[in-house]
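S.K.: Quick one: this structure, given as structure tokens, is what I'll be asking you about.
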Amino acid sequence: MNLLIRIAVIALLTNLVTAAELILPAVVEREGPVIATFRTGPQAIGTGALEIRWTDILGRVVEERRIPVRMTDESEIRFTLDMRRAVAMVNTVTAHLTLEELPRKGAPAHRDETASVGFIAKPADRKWLDYAIIMWQSHSAERMATLRTLGVTGGQHLGRSIEPPASLLKNNMRWYAENIATDFYAEYHRYRPDRIQEWSFLQAKAAHRKDPQSKEPFKRRPSLSNPEWLRAVHDRLVASARRFSPYRPLFYDLADESGIANLAAFWDFDFSDESLAEMRSWLKDRYGSLASLNTQWGSAFASWDDVTPDSTDEAMKRSDGNYSSWSDHKEWMDVSFSRALRMGVEAVQSVDPGAYVAIAGGQMPGWGGYDYWRLSQTLTAIEPYDIGNNIEMLRSFAPRLPFVTTAFARGPWEEHRIWYELLHGARGNIIWDENFEMAPEGGKPGPRGLETAPYYREIRSGLGALLIQSTRLSDAVAIHYSQPSMRVEWMLAQRPKGVLWENRNSATERMDSEFLRLRESYCKLVEDLGLQYRFVSYAQVEDGELARRGYRVLILPRSTALSEAEAREMRRFVEQGGVIITDGEPGVFDEHGRRLDASRLAGVPMTRWSVLPYYQDRLRGAESARRDEAVRLFDQSGVRPPFMVLDEVGRRAAGVETHTFRNGASWIVALLGNPEMRVDELGPPDFKSNARFEKPRKLRLVLPSELHVHNIRSGNAMGRLKEIGVTLEPYAPAMFALTAEPPAEAHMRAPRAAARGELVRVAADYGGSAGGIAHFEVTDPNGAVHLDYTGSAPISDGVAERLIPFAVNDPAGAWTVRVRDVLTGRRLQAVVELR
């Protein structure tokens, strides 16, 4: 039985005993007063009292109140409840009326009635402003309580479930709604109890090998354009959102490890009738006329109904270098996937406006629908696996798009990965713990829990909120993101191999892609210069992004296919003083995949410079020549890091990434070791070790001018400096707050005493300081941290505030509120005597 229905039934049974009724909205926001109505039996005249008791699922008595009443031919008593007092999601209010009625006919009457009502108080966080640590595996309430002490803040729950997760509700922990429509978005890679995950994909491959001439194996079932499936999935998502929106899930997960085929594997989907019909409509809009399409494709279709793209086998047999038909079909599949996801987002948000709607297990950029420009403009959240620079693409294309990643391992490099992805924009982490190493049964932390708790707690103590609510800065370096070039480069690489393309899978596309490794090499090279870049998509280039953002350097990593609009903007970029770096001849194909007689950038001054295999060279200390050349080239272009990181001999430090943020009047500079994230996939044994990056580094951080420096992680003030000496540990960052002016004097505002059940406001006044995060830690008289009262708040106009909704049954005594300015480490403290 649905929890809301169960609460209503319990209240109804209570009310049937007395015929009284308590009326309150079933779902409320925690924003202020809500009117409740106690409805008694017949109208009454008399005096008495209404006793109100508000409790929650955590065992807290939120409020107890006695209201004197005088009734004059009335049957309703109204009162308000301040929803800012709510801490838990599940709540119950009971009202007890005692009334001495004046006589009407006969003797005076005594009325004694009780009514109860349950309601859900939606979590207050409408926006994703703090770091979430999410346990994927389901656990008992007792085990979740242990996990919460380790820094875990939430869990996952199947989005097709009817009931909410009791173990999470009992611990006041939120969740994301998992795998709502995996059978639609991930049919070719999904869990089945009786078959392997890629069963459908292997069936399609087997059918193609049996009959290579048939298009049946290339018909996606279900098609992403199938109207019956789209309608059914839409309705399913709406139903899920109706069930769970009262609890404000962290996000709704449309599907896990989704894709057009199996993850990011290449396949010739979709030749189904439904897909081809929609593709033809899309082509009409794109080309305008059938004659234009025939000219581009080199075809001779007599009608739009005849238009059918080349299969991969057919495209590989062409000798004219025109892959437009094949490439347009692949682009259509990206569009089709994006449209299907858009339907899912809109279905959820039709019920739960503003909800975050995501896919989980996002794959490398490339096939399978993983055009990250389109995804970034479609989804409102995502959980990607960190492959092929996809998280850098996300933070470039949609800086405020929340994304989380998943932790599968333990050990020092896992700690490094958590810090790495936080500094790259992650707003949370999903823990995969199938062996229950975080918290075995028994109420004690396990070995993995003890290992991860220190950095999870540190991130949750305001540091994650600080970075999430800061603006990440980048330098005037753009890296071209070109999905058309990816398609052409794949065709050029696989065409000589013929039918062997059908043996490729998602891992093959990841590990056997020079296109991906070249892009990764450019990224690592720019980072090793102490610089940060943004990816700029094909659509953004066409829209004038290069000039609008003032880029000075544009890197074209094998940008083989360019549109006329892209080429025009790139020419303009160079005319205005920009520098283009490329590894070959860009723009020799158009955006559809047709080879041109000459490059669209012919005659444009460019620096032709291949950096492969920089991603391998840096692992063994063989990157110096390329890096020195890059320093010269970027310096000449006017692109130098504002915060210079030097090694012990005064050279720019390789293997150290510099992250710069702005928050109010402060710069945040974080330094973190920068190894290869998937080192086991980088080729021969010589290139499968990050040993070079496993040692502490002695560094100098040179500032643009003398600034006031605070060590964010230690909380120490370091004085006014022009240069900072840093010993950088291999697995965790060094982080500094830099300001032109010293911080002002701070003081605390809090009452010395309060009654149990009182809503107490505490504030930290930082003397007009602009920006930052204050972390409030509340401990009870026994010194235990009260997790439900603890949290972070932004410093706005120099002040950070927090409301503490003390419960009636909280222990009396001295409660301590400690506040820390996360940027500067300044600490304040107040003691509230709870009576």
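S.K.: Considering only DSSP beta bridges where both residues belong to the chain, give the percentage that are antiparallel (nearest 5).
M.R.: 75
S.K.: Right, next: Summarise the long-distance tail of P(r) for segment 578-699 by giving the % of C-alpha pairs beyond 21 Å.
M.R.: On the way: 4231 of 7381 pairs.
Distances greater than 21 Å cover 57 percent of the Cα pairs.
S.K.: Please work out the ratio of the alpha-carbon Rg of segment 381-456 to 2.2 N^0.38 Å and round it to two decimals.
M.R.: In units of the 2.2 N^0.38 Å rule of thumb, it is 1.21.
S.K.: Take the Cα gyration tensor of segment 112-184, multiply each eigenvalue by 5, square-root it, and list the three semi-axes largest first, rounded to whole angstrom. Could you put the intermediate results ahead of the total?
M.R.: Details: eigenvalues 118, 64, 42 Å².
For segment 112-184, the semi-axes come out at 24, 18, 15 Å.
S.K.: May I pose another question? Once the other residues with Cβ under 15 Å from the Cβ of Arg410 are scored (Lys, Arg +1; Asp, Glu -1), what is the net sum?
M.R.: Values: positive: Arg417, Arg448; negative: Glu414, Glu415, Asp433, Glu434, Glu437, Glu451.
Within the 15 Å Cβ shell, the charges total -4.
S.K.: Further, regarding this structure: Quick check: at a probe of 1.4 Å, how many percent of the accessible area of the chain sits on carbon and sulfur atoms?
M.R.: Ligands and nucleic acids excluded, carbon and sulfur reach 50 percent.
S.K.: Which whole-angstrom value gives the distance between the alpha carbon centres of segment 84-144 and segment 402-430?
M.R.: When both Cα centres are located, 37 Å separates them.
S.K.: May I pose another question? Of the peptides 527-538, 747-758, how do they stack up when ordered by the mean number of other Cβ atoms within 10 Å, highest first?
M.R.: The packing order, highest mean first, is 527-538, 747-758.
S.K.: Another question about this same structure. How much net charge surrounds Arg720 when only the other residues with a Cβ under 11 Å from the Cβ of Arg720 are counted, with Lys and Arg +1 and Asp and Glu -1?
M.R.: -1
S.K.: Given charges of +1 on the Cβ of Lys and Arg and -1 on the Cβ of Asp and Glu, with all other atoms neutral, how large is the dipole of segment 320-470 about its Cα centre, in debye to the nearest 20?
M.R.: 420
S.K.: Please compute, for the alpha-carbon atoms of the chain, the extent along each of the three principal axes and give them in descending order in Å.
M.R.: 106, 69, 50
S.K.: OK, next. Going toward the positive end of the dipole of segment 724-835, with +1 on Lys and Arg Cβ and -1 on Asp and Glu Cβ, which of Ala763, Ala732, Asn809 do you reach last?
M.R.: Asn809
S.K.: Highest mean first, what order results for 383-390, 357-364, 806-813 on Cβ atoms within 10 Å? Intermediate values should be presented prior to the final figure.
M.R.: Values: 383-390: 22.9, 357-364: 26.2, 806-813: 16.6.
In descending order of packing, they fall as 357-364, 383-390, 806-813.
S.K.: Going by the alpha-carbon gyration tensor, a ≥ b ≥ c the square roots of its eigenvalues, is segment 256-326 rounded (a/c under 1.5) or, if a/c is not under 1.5, prolate (a/b greater than b/c) versus oblate?
M.R.: Cα axes put segment 256-326 in the oblate bin.
S.K.: Now, a different point. Can you give me the relative contact order of the chain as a percent, contacts being Cα pairs under 8 Å and 6 or more apart? Write down the numbers at each step before the final one.
M.R.: Numbers: 1804 pairs, mean separation 78.9, N = 835.
Relative contact order of the chain: 9 percent.
S.K.: Any idea how far apart Asp211 and Ala507 come out in nm if each label point goes 7 Å out from Cα toward Cβ?
M.R.: Each label point lies 7 Å from its Cα, and together they span 3.2 nm.
S.K.: Distance from a point 7 Å along Cα→Cβ of Arg720 to each backbone N in segment 735-774: keep the residues under 17 Å and list them by number.
M.R.: 738-745
S.K.: Same structure again: Dividing the convex hull volume of the Cα atoms of segment 238-367 by its residue count, what figure in Å³ per residue is obtained?
M.R.: 127
S.K.: For segment 100-252, what is the charge dipole size about the Cα centre, in debye to the nearest 20, if Lys and Arg each add +1 at the Cβ and Asp and Glu each add -1 at the Cβ? If you can, show how the numbers build up before the last one.
M.R.: On the way: 26 positive and 17 negative charges, 114 e Å.
Rounded to the nearest 20 debye, it is 540 debye.
S.K.: Between Glu745 and Arg620, what is the label-point separation in nm under the 7 Å Cα-to-beta-carbon projection?
M.R.: Once both label points are built, they end up 6.2 nm from each other.
S.K.: Of Gly41, Asn663, Leu129, which is farthest along the charge dipole of the chain in the positive direction, counting Lys and Arg as +1 and Asp and Glu as -1 at C-beta?
M.R.: Asn663
S.K.: Dipole magnitude of the chain about its Cα centre, charges +1 at Lys/Arg Cβ and -1 at Asp/Glu Cβ only, in debye to the nearest 20?
M.R.: Value, rounded to 20: 1300 debye.
S.K.: In the chain, if the dipole is taken from +1 on Lys/Arg beta carbons and -1 on Asp/Glu beta carbons about the Cα centre, which of Pro309, Thr72, Ser599 is farthest to the positive end?
M.R.: Projecting each Cα onto the dipole axis, the largest value belongs to Thr72.
S.K.: Then there is this: In this model, which of Lys205/Lys688; Lys219/Lys497; Lys127/Lys170; Lys688/Lys722; Lys219/Lys284 are farther than 29 Å apart at the alpha-carbon?
M.R.: Pairs exceeding 29 Å: Lys205/Lys688; Lys688/Lys722.
S.K.: Sticking with this structure for a sec: Across all directions of projection, what mean area in square nanometres is found for the Cα convex hull of segment 183-310?
M.R.: Its average projected convex-hull area is 10.7 nm².
S.K.: Excluding Ser281 itself, calculate the net charge of residues whose Cβ lies under 14 Å from the Cβ of Ser281, where each Lys or Arg counts +1 and each Asp or Glu counts -1. Could you put the intermediate results ahead of the total?
M.R.: Details: positive: Arg280, Lys284, Arg286, Arg339; negative: Asp273, Glu274, Glu278, Asp285, Asp305, Asp328.
In short, -2.
S.K.: If each DSSP helix of 4+ residues adds -39,500 (n - 2.57) and the sum is divided by the residues in the chain, what number results at 222 nm, nearest 500 deg cm²/dmol?
M.R.: Only helices count here, giving -8000 deg cm²/dmol.
S.K.: Moving on to the next point. If packing is taken as the mean number of other Cβ atoms within 10 Å per residue, what is the order of 71-81, 114-124, 612-622, highest first?
M.R.: 114-124, 612-622, 71-81
S.K.: Under 17 Å from a point 7 Å along the Cα-to-Cβ line of Asp235: which residues of segment 339-358 have their amide N that close?
M.R.: Flagged as within label range: 344, 347-348, 351.
S.K.: Which value in nm describes the separation of the simple spin-label points at Trp282 and Asp112, placed 7 Å from the Cα toward the beta carbon?
M.R.: About 7.2 nm separates the two model spin labels.
S.K.: Starting from the Cα coordinates of segment 62-203, work out the convex hull volume and express it per residue in Å³.
M.R.: Per-residue hull volume (Cα only) is 218 Å³.
S.K.: Here's a follow-up. Can you give the FRET efficiency for Glu228 and Asp305, using 1/(1 + (r/R0)^6), R0 = 22 Å, r = Cβ-Cβ distance, to the nearest 0.05? Show your work: numbers first, answer last.
M.R.: Numbers: r = 22 Å, r/R0 = 0.99.
Taking R0 as 22 Å, the efficiency between Glu228 and Asp305 is 0.50.
S.K.: Working only with C-alpha atoms, what are the Rg and Dmax values of segment 161-239, expressed in angstrom?
M.R.: 17.4, 58
S.K.: Continuing with this model, one more query. Limiting things to C-alpha atoms, what are the Rg and the maximum Cα-Cα separation (Dmax) for segment 481-609, in angstroms?
M.R.: Just the Cα atoms of segment 481-609 yield Rg and Dmax of 15.2, 47 Å.
The values are calculated or read from the model by the stated rules, or taken from the named source; none is laboratory data. Please read all numbers here as calculations on a predicted model, not as lab measurements. Positions of Cβ are backbone-derived with ideal geometry, glycine not excepted, and every protein chain shown enters the neighbour counts. Keep in mind that these areas ignore ligands, DNA and RNA; they rest on the heavy atoms of the full protein, side chains included. Shrake-Rupley method; radii C 1.70, N 1.55, O 1.52, S 1.80 Å.
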